[in-house]
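Working notes for the structure below.
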Amino acid sequence: TPREKKGSRFQKASPKKTQSREAKAVEQALEKVGARRQHVIASFNPFYFVTRYFEMPFIPHREWRAGASYEARRHIPFKLSEAVADFHIREQKAADEKKILAVTTTTAKTETLKAYGASLKEGSAKVDCFEPVFSAFARTLSIASEIEKDKTYGFIFMAAHGSVNVSLTRSGMTYLSRDFLLAEDRRANETRFYEELKASFDFVAAKTADHR
């Protein structure tokens, strides 16, 4: 029998890769809105992100990124070397009129972003960046001129397994994003929900000197 040559018509074809369920859903959604193979900003469940607000002493602008990265290690529950982090840094005045830096960092594990990115790419999307879904909602409202300056807006997301995420933003800055679990007792949940919301809004009011 003659030896088969590489690239000949007798060579066995490689088995076609089966598309994942997630990739199929992405592809169908993009086709429905006529955005197949388009550049996108991917927003997904806030439970996969860690968003923290903190304040730090004022430093020269050229040192903002490095200083915020160093300080963020105190607030993120995993190694930053194994994560992707973004920072929103703004200069403002403290109660004593001294200049400080207000920082919001949103961080996700690299392996999580790679997994989601692979499904999106397989589904024909070209991802430019990732963000928590509450950021996408806030941007949409801002574009539609539905967001007023110096007013606190809340976004609440509930998962089927009982997890709740509360995110509060004001004047383009996310001051709080926290997760908590609901119990099976419905009456206890009503009290817990109220307490969590009150604590969240009280925190933002204290940070923004908003005496409601």
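The values are calculated or read from the model by the stated rules, or taken from the named source; none is laboratory data. It should be emphasised that the depicted structure is a prediction, and the values quoted were computed from it without experimental measurement. Heads up, the Cβs are rebuilt from the backbone with ideal geometry, glycines too, and the neighbour counts pull from every protein chain shown. The accessibility values were calculated without ligands, DNA or RNA, using every heavy atom of the protein model including side chains. Shrake-Rupley method; radii C 1.70, N 1.55, O 1.52, S 1.80 Å.
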Quick one: residue 194 ticks every box in (1) in a strand (DSSP E or B); (2) of a type outside the set (Gly, Ala, Ser); (3) surrounded by fewer than 17 Cβ atoms within 10 Å (Cβ to Cβ) bar one, so which box is it? (1)
Go through the range 14-34 and report how many residues are modelled with pLDDT of 80 or more and part of a loop (DSSP other than H, G, I, E, B). 3
Please name all residue pairs, on different chains or six or more residues apart, with Cβ atoms under 6 Å, provided the first residue is in the range 88-117 and is closer than 23 Å to residue 176 by Cβ and the second residue is part of a strand (DSSP E or B) and of a type in the set (Ser, Thr, Tyr). 88/104; 104/53; 104/174; 106/51
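Out of curiosity, is residue 47 surrounded by 14 or more Cβ atoms within 10 Å (Cβ to Cβ) and in contact with a Lys or Arg (Cβ under 9 Å, 6 or more places away or on another chain)? Don't jump to the end; show me each part of the working.
On the way: surrounded by 14 or more Cβ atoms within 10 Å (Cβ to Cβ): yes; in contact with a Lys or Arg (Cβ under 9 Å, 6 or more places away or on another chain): no.
The answer is no for residue 47.
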Since residue 93 meets every condition but one in (1) under 15 Å from the mean Cα position of the chain (by Cα); (2) charged (D, E, K, R); (3) open to solvent by 60 Å² or more (accessible area, probe 1.4 Å), which condition does it not meet? (1)
State all residues of the range 68-85 that are at pLDDT 90 or above, of a type outside the set (Val, Ile, Thr) and closer than 12 Å to residue 105 by Cβ; if no residue qualifies, say none. 68, 69, 70, 71, 72, 73, 74, 75, 83, 85
Given (1) open to solvent by less than 50 Å² (accessible area, probe 1.4 Å); (2) under 24 Å from residue 78 (Cβ atoms), index of the condition residue 123 fails: (2)
Out of curiosity, is residue 164 β-branched (Val, Ile, Thr), modelled with pLDDT of 85 or more and within 14 Å of residue 84 (Cβ to Cβ)? no
